[in-house]
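Contents: one structure, followed by commentary.
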Amino acid sequence: MDRPGALSELRAAVADFAARRLADTSSWCVALSGGPDSLALAAAAAPVRPTTALIVDHGLQPGSDTVAEAARRQALELGCAGARVLRVRVGAAGGPEAAARSARYAALDAARAGMPVLLAHTLDDQAETVLLGLGRGSGARSIAGMRVADPPWYRPLLGLRRSQTHAVCAELGIAAWDDPHNHDRRFTRVRLRREVLPLLEDVLGGGVAEALARTATALREDTEALDAISEHSLAAARAGEALSVAALEPLPAAVRRRVIRGWLLTGGASGLSDKQIRAVDALVTAWRGQGGAAVGSDQRHRRLFAARRDGTLVLYSEAV
């Protein structure tokens, strides 16, 4: 029997994903960039469920409107029920990559009309994400990489290699857009993809991307289990808007820091680093009368702090 083509294999993978993860969903969206990964996903998704392609035009490169319109036409040719171009204004917060990502996800969320959104991240993207997390030293949560399902976002290709999506485009004769940013070595992810991962594959004898993805899966499972335990511990440690130090002290370190993280997030913190969480944790485990620990937040012109007062952890802010 002949081996099924790349498109048939990808379509089967998406159909299986739909049955396991989105059985109650009658339609969905695909985030489409015009690149090979998202075009392959659109081609595989359209026959499985009625599909709306959402194309975000970041306006960051000359001719981006032309690229977006070409992707819209391709989506319809691939069988998508609808296709929309979403034009966004990209800010500067967090650097160009983070700002573009924030604008993109906000636009997709606003346009999805209650439907889930399929994202075309592959196993190769997951491997790069794990390496980024390792390099930043930001803890297990970062090394755990991207979730397969993080409603409304779903990643049916996360266990598949990038080469498979390229094979689908070749099979269909699709001229996918080659984003110049994917070749720009000013971006860390590009250097990981083109320099670091190939070197690791060579030095370690292959299989590195798959190994990194397996590591992400194992850490994700552990992280989710600890998060569930921490939710119960957070409820028990609450003293109004504060946290009881006495309730925190006997907790295992991994659980206690997750409790602190959850409390900080509900109190208005954002963009938390492992270093910040450990500084707040030291208010419980290494108390010497020190002052408040600064944590990240979205407050403009004010800084958010966690401090220990009268046997509890409290949050307060100060003008910058």
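The values are calculated or read from the model by the stated rules, or taken from the named source; none is laboratory data. Just so it is clear, the structure is predicted and the values come from calculations on it, not from any experiment. Methodologically, a virtual Cβ is constructed for each residue, glycine included, from the backbone with ideal geometry; neighbour enumeration extends over all protein chains shown. Please note that ligands, DNA and RNA were not included when accessible areas were found on the heavy atoms of the full protein model with its side chains. Shrake-Rupley method; radii C 1.70, N 1.55, O 1.52, S 1.80 Å.
Data table
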item: Leading residue by the ranking (surrounded by the most Cβ atoms within 10 Å (Cβ to Cβ)) among those in segment 242-268 that are β-branched (Val, Ile, Thr) and out of contact with any Ser or Thr (no Cβ under 8 Å at 6 or more places or on another chain); result: ILE260
item: Segment 1-24, subset part of a loop (DSSP other than H, G, I, E, B) and over 22 Å from the mean Cα position of the chain (by Cα), residue modelled with the lowest pLDDT; result: MET1
item: Segment 205-218 residues that are under 9 Å from GLN126 (Cα atoms), paired with ones that are open to solvent by 40 Å² or more (accessible area, probe 1.4 Å) (beta carbon under 8 Å, 6 or more apart); result: ALA209/ARG161; ALA209/GLU201; ALA213/GLY159
item: Close pairs from segment 16-39: first more than 12 Å from LEU54 (Cα to Cα), partner assigned to a helix (DSSP H, G or I), Cβ under 6 Å, at least 6 apart; result: PRO36/THR165; PRO36/HIS166; PRO36/CYS169; ASP37/THR165
item: Flag for ARG104 being farther than 26 Å from THR215 by Cβ, open to solvent by 60 Å² or more (accessible area, probe 1.4 Å) and in contact (Cβ under 8 Å) with a residue 40 or more places away in the chain; result: yes
item: Within segment 230-289, tally of residues that are under 29 Å from the mean Cα position of the chain (by Cα), of a type in the set (Ser, Thr, Tyr), under 27 Å from ARG136 (Cα atoms) and in a helix (DSSP H, G or I); result: 2
item: Failed item, numbered, when GLY133 is tested on (1) part of a helix (DSSP H, G or I); (2) in contact with a helix residue (DSSP H, G or I) (Cβ under 9 Å, 6 or more places away or on another chain); (3) closer than 27 Å to VAL14 by Cα; (4) modelled with pLDDT under 95; result: (3)
item: Helices (runs of 4 or more DSSP H) completely within segment 149-216 that count 1 or more residues being more than 29 Å from LEU60 (Cβ to Cβ) and out of contact with any His (no Cβ under 9 Å at 6 or more places or on another chain); result: 162-172, 197-204
item: Failed criterion for LEU76 (all others in (1) over 24 Å from ASP298 (Cβ atoms); (2) crowded, with 19+ Cβ neighbours inside 10 Å; (3) of a type outside the set (Phe, Trp, Tyr) hold); result: (2)
item: Criterion (surrounded by fewer than 16 Cβ atoms within 10 Å (Cβ to Cβ), more than 28 Å from CYS29 (Cβ to Cβ) and β-branched (Val, Ile, Thr)) met by exactly one of VAL203, VAL208; result: VAL203
item: Failed item in (1) of a type in the set (Val, Ile, Thr); (2) out of contact with any strand residue (DSSP E or B) (no Cβ under 7 Å at 6 or more places or on another chain); (3) surrounded by 14 or more Cβ atoms within 10 Å (Cβ to Cβ), with ILE55 passing the rest; result: (2)
item: Selection within segment 276-320 - among the basic types (Lys, Arg), free of Cβ contacts under 8 Å to residues at least 40 places away in the same chain, surrounded by 13 or more Cβ atoms within 10 Å (Cβ to Cβ) and closer than 22 Å to ALA237 by Cβ; result: ARG278
item: Candidate set: segment 29-43, residues that are open to solvent by less than 10 Å² (accessible area, probe 1.4 Å) and more than 19 Å from the chain's Cα centre (by Cα); chosen: the one nearest to GLN164 (Cα to Cα); result: ALA40
item: Matching entry among SER102, SER64 (being in contact with a strand residue (DSSP E or B) (Cβ under 6 Å, 6 or more places away or on another chain) and not charged (D, E, K, R)); result: SER64
